[in-house]
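Working notes, structure below.
Throughout, read-outs are computed from the coordinates displayed, never taken from laboratory work. Because the structure is predicted, anything quoted here is derived from the model rather than measured. Positions of Cβ are backbone-derived with ideal geometry, glycine not excepted, and every protein chain shown enters the neighbour counts.
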Amino acid sequence: MSAAPPNQARAGELRRLLQRAAHAYYVLDAPEMEDSVYDGLYKELLELEAAQPELITPDSPSQRVGGTPAEGFSSVEHRIGLLSLDNAFNPGDLEAWYSRLLKVLDRTGDLAMVGELKIDGNALALSYEQGLLVQAATRGDGERGEQITANVRTIASVPLRLQLENPPAWVEVRGEALIPDDTFAAINAERAARGEALFANPRNACAGTLRQLDPKVVAARRLDFFAYTLHLPEEWQSAGGDPPRPSSQWQSLQWLQAAGFKVNPNAELLPNLAAVQAFFSAWDTGRRALPYATDGVVVKLNDLRLQDAAGFTQKAPRWAIALKYAAEEAPSILLRLTCQVGRTGVVTPVAEFEPVPLAGTTVSRATLHNAGRLAELDLHAGDTIVVRKAGEIIPEVVRVLSELRPAGAVRLELPQVCPECGSELVREEGEAATRCVNSSCPAILRGALRHWVSKGALDVDGLGAKLIEQLVDRGLVGSIADLYGLDGALLASLERIGAKSADNLVVALAASKQQPWHRQLYGLGIHHVGEVNAKALAKAFPSAADLATATANTPESITAVFGIGAEIAQSLQQWFATPANQLLLEDLERLGFSLAAGPEEPGTGPETPLTGQTFVLTGSLPSLSRSAAQALIEAAGGKVSGSVSKKTSYLVAGEEAGSKLSKAESLGVAVLDEAGLLELLKAGSG
Ligand code: IVH
């Protein structure tokens, strides 16, 4: 055989190299090439292909996004039907399934199973011939689906060519296409900005995307794909370095991985039913930390010969079952609209509806976010709405079943005036939020008080929302400073508080005067000044007077603080220029607040950037190893500790952060990701 001409050989090498780099990046999550190097080589390949179109092969990375939009999709018959799965909702269902399986197989004892996450996306069937992707189809009705090959080619984690030495003449791979949560949020944010209808959930967004006629749109949506089923022709046997022919589901997953597919890393080989239960329970909480949606786990008999022996019912395999988590969406009837006024005056419309059980609790109110979202949902009293609550996430109304709207139903709208103080509400041009701008609005005052005493701020125990409400409603407290004039006898005369608790509260309030400067600053509730910003500002400006002077005279010294931009600087400037706020600072100082850094606090100590700050590391960070992160922190003068406490300054959380993260959140400890940590280090050194 004669050697390939130089350009052809070079194009082949480039394709192989680029494919390997893309696989490392998209499938293995372990980049092995700088983006700039990838881009340079890709450009070279594009130039070769432009000069000599005959060099273009169907698996070239340049061929992922097809040229022209499709007119529609053709329907294709599945070679092997795509069945669905039977569902189990409780341990009883699971045990019944398992005993039936034992009976059908005429076995006793334990059967090994594979537990996989049930990815809440859209099933796809991919056909490869001689190793090349030739067709991708949706599930459709299980017998016929839509042919969406051009769209699926844009999914970076779907290989265009199998990484096998001896690819089968034909093979079908099935799996789930999905849109990760962050991409979903970004897509919806863009749609909201353009005034388009929002997707209800990532699965709908994914289904909508797969049916886009223009592959360029699909490519921009960054779908992902997890492979989970392999249908190899009977005659295929492995050769060379290829993985052996699988005889179990577990080996099938390994085969798929070796062939270049992304396989969900959380699958587990489970020796018995108890292990299945444990897997299911563990992922009920574990799934909250995943960057994509799952609605249960799928349990599959491991041995492929036993799978064959168990066979299928009309609609589902007997050898597999889906264990579903409690529903997170449910219908209800909308009763009325109320409004919540937050501490910054932002008015949030709230839907009140017939109580429904959802994700473990009973829900009867859900946020509607803002006037824009309210208008988009077009809610009417008596509407049937769909409500969602995923775990810890606050309930929301995801859509309206307008077909079920009662005749003559009245459309619900935001009021013109603040429901708390009656002053006119304001919605600024280009802003999503509607606000009450009356600074003495009782709702704003209650919010400011709640924030002041909250964990991350002054951390005053024993002053809950109900007590604050009474204090404001009875006119006993008109500002943060007034809290410090309360005496035990007066407090004890209120509802829901005994003499002892009242005394304790007075002590706790007095003690809160010793909280460090950055907490006092955070507690003031200045717009955009969260805990991290408050720390950075408190460090750069060791007193309220310094900060006030800087906001007025040298705004550039504010934006020079790392992480602090013009928007925050402006918000600070406004805050300090407001007479009521100046009065508040004077009152606080008179009451004994330092409004300044103490001797131990950052900003005054010996000058290493992180002196006096304690860090806890948890989860795996995208690029830094645990020891590298620790070394960087220690080099900057910080300390690294093993467990989270009130004294922890920052929790640095990576992927799969667990209980430390929830503890930090409950204690109000600031949480950083890797980027945040690097920023902080940079801020310190700059
Ligand atoms: S196996 C005959 N494995 O769940 C067995 N399905 O409710 C077919 N799904 O249509 C499916 N994750 O879209 C399987 N690890 C997984 C899955 C999974 C999600 C979806 C799939 C299927 C649906 C059935």
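So the values come out like this:
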quantity: Hydrodynamic radius (Kirkwood) for segment 341-475, which is based on Cα pairs only, to one decimal in Å; calculated: 16.9
quantity: Cα→Cβ-extended label distance, 7 Å offset, between S479 and S439, nm; calculated: 0.9
quantity: Virtual spin-label span in nm between K43 and A289, 7 Å along Cα→Cβ; calculated: 4.1
quantity: Charge dipole magnitude, Cβ of K and R +1, D and E -1 - segment 541-646, Cα centre, debye nearest 20; calculated: 440
quantity: For the chain, Cys with no neighbouring Cys Cβ under 4.7 Å; calculated: C206, C339
quantity: Average Cα contact separation per residue, the chain, under 8 Å, 6 or more apart, as relative contact order %; calculated: 9
quantity: R0 of 25 Å, Cβ-Cβ distance T57-A239: FRET efficiency to nearest 0.05; calculated: 0.65
quantity: For segment 190-240, alpha-carbon Rg relative to the globular expectation (2.2 N^0.38 Å, N residues); calculated: 1.80
quantity: Tail weight of P(r) past 23 Å, computed on alpha-carbon pairs of segment 459-578, percent; calculated: 42
quantity: With eigenvalues of the C-alpha gyration tensor scaled by 5 and rooted, segment 132-264, Å; calculated: 32, 14, 13
quantity: Computed lengthening from T344 to L667, 0.36 nm per intervening residue step minus Cα-Cα distance; calculated: 114.0 nm
quantity: Ordering of 650-658, 533-541 by burial proxy (mean other Cβ atoms within 10 Å per residue, highest first); calculated: 533-541, 650-658
quantity: Length-normalised contact order of segment 172-227 in % [C-alpha pairs under 8 Å, at least 6 apart]; calculated: 55
quantity: Dimensions (Å) - segment 279-344, Cα atoms, principal axes, largest first; calculated: 63, 28, 17
quantity: Among the listed pairs K118/K262; K455/K682; K315/K389, those beyond 25 Å (Cα-Cα); calculated: K455/K682; K315/K389
quantity: Set of segment 128-152 residues, backbone N closer than 18 Å to the point 7 Å along the Cα-Cβ line of H231; calculated: 128-149
quantity: Selection from L101, L117, Y128 lying farthest towards where the dipole of segment 92-137 points positive, charges on Cβ; calculated: L101
quantity: At R0 = 56 Å, FRET efficiency that the Cβ-Cβ distance of E413 and A274 yields, to 0.05; calculated: 0.55
quantity: Cβ crowding within 10 Å averaged over residues, with 273-282, 341-350 ranked highest first; calculated: 341-350, 273-282
quantity: Extension gain from A169 to A511, taking 0.36 nm per residue of separation minus the Cα-Cα distance; calculated: 115.5 nm
quantity: Cα-projected label distance for K646 with R191, points at 7 Å along beta-carbon direction, nm; calculated: 4.6
quantity: Debye, to nearest 20: dipole size of segment 161-245, +1 on Lys, Arg Cβ, -1 on Asp, Glu Cβ; calculated: 380
quantity: Convex hull per residue volume in Å³, alpha carbons only, for segment 143-206; calculated: 131
quantity: Computed lengthening from V134 to A381, 0.36 nm per intervening residue step minus Cα-Cα distance; calculated: 83.8 nm
quantity: Residues in segment 354-393 that a label on A207 would reach, taking backbone N under 13 Å of a point 7 Å out along Cα→Cβ; calculated: none
quantity: Kirkwood hydrodynamic radius of the chain, from inverse mean 1/r over distinct Cα pairs, in Å; calculated: 29.6
quantity: Cβ-defined net charge surrounding A510, 14 Å radius [Lys, Arg +1; Asp, Glu -1]; calculated: -3
quantity: Relative contact order of segment 491-541, pairs being alpha-carbon contacts under 8 Å that are 6 or more residues apart, as %; calculated: 25
quantity: About the Cα centre, charge dipole magnitude for the chain (Lys/Arg +1, Asp/Glu -1 at Cβ), debye; calculated: 900
quantity: Efficiency of FRET between D35 and S247 - r from beta-carbon atoms, R0 30 angstrom, step 0.05; calculated: 0.15
quantity: Ratio Rg/Rh [Cα only; Rh per Kirkwood] for segment 1-120; calculated: 1.22
quantity: Segment 94-163 - convex hull of alpha carbons, volume per residue in Å³; calculated: 179
